[in-house]
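Q: Structure in C-alpha cells, see below.
The values are calculated or read from the model by the stated rules, or taken from the named source; none is laboratory data. This is a predicted model, so every value here is computed, not measured. Cβ placement follows ideal geometry from the backbone for every residue including glycine, while neighbour counts extend to all protein chains displayed. All accessible areas refer to the heavy atoms of the entire protein, side chains included, with ligands and DNA or RNA removed. Shrake-Rupley method; radii C 1.70, N 1.55, O 1.52, S 1.80 Å.
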Amino acid sequence: MFGINFNNVVVWLIPKVLRTSFNVAWLKALVVPVVTVYNQLLTFKDEVLYKLSHNGQVCHLQGALNDTFDISLRRIYISDAGGDVVTLIHRDTDEKVLVLQDDTAPFTIHNDSAYFGGSYDFIVNIPYQFSEADMYRLRALVDYYKLAGKRYDVVINS
C-alpha cells in the first residue's frame, strides 16, 4: 500500500493517444504536492512505528535514548536509584577533620539521587554535559516512555 511510484502512475493513467512529453511533464508537475504529502505520511508512519516499538522497559528506554543522542558509542544507560549505603566522611563528634585534596578537578563523592531516601526510581546516566535544548529533549523523551508515577534523575558520568 505504501510503495507508490507516482511518476509511473501518472504515465499509466494517461491514454496512449495523449502520452506526449509535454502532457507527461505537466501532469508530473501537478502531482508534486501529492508526492510531498505522501512522503510526509511515510515519515510520520515510520515515526509512529518506532514509538510503538519502544516502551517503558529499561532496555527499550536505553535504546531510544541512545538512538537519539549517542548513536555510535551508545553510552547512555539507566541504573536503579537509592539503596546505596552512605558513608559519612566527617561527623561533628570526630576529633580530627578529614581533608580531601585534589588539585586537578573537583570530584563527586555521591550524587544526590543515590541517597535521598528513595525519592527517585531510576537514574539516567549520560556521558557528557548536554546543551540545555538537548536536556529538554532528553527529559521529554524519558517522560514519554517512562511509566506514570516513576521519578528519575539525570546524572552526568564523565
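Q: Search region 65-79 for residues being over 16 Å from Ser158 (Cα atoms) and aliphatic (A, V, I, L, M), and hand back the single one that is surrounded by the most Cβ atoms within 10 Å (Cβ to Cβ).
A: Leu65
A quick yes/no check of all residues on (1) farther than 22 Å from Leu65 by Cβ; (2) of a type in the set (A, V, I, L, M); (3) touching a Leu at 6+ places or on another chain (Cβ under 9 Å); (4) modelled with pLDDT under 65:
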{"residue": "Leu88", "(1), (2), (3), (4)": "yes, yes, no, yes"}
{"residue": "Leu98", "(1), (2), (3), (4)": "yes, yes, no, yes"}
{"residue": "Ile109", "(1), (2), (3), (4)": "yes, yes, yes, yes"}
{"residue": "Ala114", "(1), (2), (3), (4)": "no, yes, no, yes"}
{"residue": "Ser119", "(1), (2), (3), (4)": "no, no, no, no"}
{"residue": "Phe130", "(1), (2), (3), (4)": "no, no, yes, no"}
{"residue": "Arg151", "(1), (2), (3), (4)": "no, no, no, no"}
{"residue": "Val155", "(1), (2), (3), (4)": "no, yes, no, no"}
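Q: Somewhere in region 55-71, is a residue modelled with pLDDT of 65 or more and more than 20 Å from Arg139 (Cα to Cα)?
A: Taking every residue of region 55-71 in turn, none turns out to be modelled with pLDDT of 65 or more and more than 20 Å from Arg139 (Cα to Cα).
Q: While we're looking at this one, here's another question. Which residue is nearest to Ala64 (Cα to Cα), if the candidates are limited to region 6-49 and must be in a loop (DSSP other than H, G, I, E, B) and open to solvent by less than 80 Å² (accessible area, probe 1.4 Å)?
A: The selected residue is Ile14.
Q: I've got another one for you. Condition (residue is under 30 Å from Leu141 (Cα atoms), without any contact (Cβ under 8 Å) to a residue 60 or more places away in the chain and touching a Lys or Arg at 6+ places or on another chain (Cβ under 7 Å)) applied to region 30-43: is it met by at least one residue?
A: There is no residue in region 30-43 that is under 30 Å from Leu141 (Cα atoms), without any contact (Cβ under 8 Å) to a residue 60 or more places away in the chain and touching a Lys or Arg at 6+ places or on another chain (Cβ under 7 Å).
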